[in-house]
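Each value in this text was obtained by applying a stated rule to the coordinates, not by laboratory testing. Because the structure is a prediction, the values reported are computed rather than measured.
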């Protein structure tokens, strides 16, 4: 993938979602084919990107958790507690390195490093501006109702 997609946003490109097997490969850290690149950018920049990241991290941890539960000797509750502790620790580290992991996925999809952060920040600025306009309009309506009740 020689071209750099730094200037392209996900809005103009068609989003092709990967199928279940491709998504599992992606969740486990694999690189998706180029046709899914706009979806990868969307996946790492949408409002639910944190939840999506946590779901991928959970899927990644199911492999070692399953091995602990199946292969370690001892009572099941001990293996279960070990697996639960590993899950908590893994999720902690996953949250700690969430932005870096998202940028790595975007880089694998052919975008330059920093693209996901820039897209999320721009979306936040847009949402903030829209919320500001909405709040001003609501305040103006409340002021008009107040003036109306006061007889002005």
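Specify the residue with the greatest mean-square fluctuation among 18, 99, 64, computed from a Gaussian network of the chain linking alpha-carbon atoms under 10 Å apart. Among 18, 99, 64, the largest mean-square fluctuation in the Gaussian network model of the chain belongs to 64. Taken over the chain, the alpha-carbon convex hull comes to 178 cubic angstrom per residue. For the chain, the mean residue ellipticity at 222 nm estimated from helices alone is -24000 deg cm²/dmol, where every DSSP H run of n ≥ 4 contributes -39500 (n - 2.57) and the total is divided by all residues, rounded to the nearest 500. Between helix 115-150 and the chain there is an angle of about 40 degrees, using the helix long axis and the longest principal axis of the Cα atoms.
So for the range 20-114, averaging the separation of alpha carbon pairs under 8 Å that are six or more residues apart and normalising by length, what relative contact order in percent results? List each step's numbers first, then the result.
Values: 67 pairs, mean separation 36.3, N = 95.
Averaging sequence separation for qualifying contacts and normalising by length gives 38 percent for the range 20-114.
Which residue fluctuates most in the GNM of the chain (Cα springs below 10 Å): 121, 100, 130? Judging by the Gaussian network model, the answer is 130.
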